[in-house]
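Asker: The structure is given below, and queries will be raised subsequently.
The values are calculated or read from the model by the stated rules, or taken from the named source; none is laboratory data. Owing to the predicted nature of the structure, the values given are computational and were not obtained by experimental measurement. Cβ placement follows ideal geometry from the backbone for every residue including glycine, while neighbour counts extend to all protein chains displayed. Areas reflect the complete protein model, heavy atoms only, side chains present, ligands, DNA and RNA absent. Shrake-Rupley method; radii C 1.70, N 1.55, O 1.52, S 1.80 Å.
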Amino acid sequence: MLVLTLTLLLATILLLINWNKALHPVEIVLNWMVNAMINEVFILITIVNLDLIQLSNKPISAITFLIGNIYLMPMLTLCFLSLFISLKSTWMRMALFMISLLIHGSCLYVGYGLGLVKLVHWSYYPSILYWAVILCLNVFIVFSYRKLLVRAGIMNGSINISKKL
């Protein structure tokens, strides 16, 4: 129960940190929904279909793991995206990407250490590969969606710009 409370508290703190940053609220909602769906599909594939990861038999541990993947992981990804957008240097972005990749890849092992999941046939490399693809996909989505918002006039804070197009 304590881990569930800490997970929810940490994700809420990350949401509040993201609230007034580089991402528009519409971008936050879109990326949160996309990441929650991606993480849910990851859970279904690895736990239910492939049986690579097993949830704990305790219901509160399973709920904590699911909430962590649906609520906390998208918040970590949003923090990564807001920092990625605010950085201008390519080297700093690459360093941020690597650090974020290590943090995201290690979250499953933190859950393993806390007893939330059992890793049956899972190593660190698939986790790193998975999160590298997901973070690249998120960067692509953010920049694509940002172009769409600018074109619609929402990004600049004025909806009247879209009527001129």
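Asker: Please work out which one of (1) touching a strand residue (DSSP E or B) at 6+ places or on another chain (Cβ under 9 Å); (2) more than 22 Å from T12 (Cβ to Cβ); (3) in a helix (DSSP H, G or I) is the condition W122 fails and give its number.
Answerer: With respect to (1) touching a strand residue (DSSP E or B) at 6+ places or on another chain (Cβ under 9 Å); (2) more than 22 Å from T12 (Cβ to Cβ); (3) in a helix (DSSP H, G or I), W122 is out only on (3).
Asker: Can you tell me which residue among L135, L148, L119, L165 is touching a helix residue (DSSP H, G or I) at 6+ places or on another chain (Cβ under 8 Å), under 22 Å from I38 (Cβ atoms) and at pLDDT below 90?
Answerer: L119
Asker: Right, here's the next one. For segment 13-62, name all the residues that are in contact (Cβ under 8 Å) with a residue 60 or more places away in the chain, open to solvent by 50 Å² or more (accessible area, probe 1.4 Å) and assigned to a helix (DSSP H, G or I).
Answerer: Within segment 13-62, I17, V26 qualify.
Asker: While we're here: Would you check which residues across segment 108-136 are surrounded by 14 or more Cβ atoms within 10 Å (Cβ to Cβ) and closer than 16 Å to F84 by Cα and list them?
Answerer: Within segment 108-136, W131, A132, I134, L135 qualify.
Asker: Of the conditions (1) surrounded by fewer than 17 Cβ atoms within 10 Å (Cβ to Cβ); (2) among the polar types (S, T, N, Q); (3) modelled with pLDDT of 85 or more, S100 satisfies every one except a single condition; which number is it?
Answerer: (1)
Asker: Pairs only if they're at least six apart or on different chains, beta carbon under 8 angstrom, first in segment 71-88 and touching a residue at least 12 places away in the same chain (Cβ under 8 Å), second of a type outside the set (G, A, S) and in a loop (DSSP other than H, G, I, E, B); list them, first residue then second.
Answerer: Between residues of segment 71-88 that are touching a residue at least 12 places away in the same chain (Cβ under 8 Å) and residues that are of a type outside the set (G, A, S) and in a loop (DSSP other than H, G, I, E, B), the close pairs are L78/L23; L81/L23; S82/K21; S82/L23; I85/L23; S86/K21.
Asker: While we're here: I need a count of the residues in segment 109-136 that are touching a residue at least 40 places away in the same chain (Cβ under 8 Å) and under 13 Å from the mean Cα position of the chain (by Cα).
Answerer: 3
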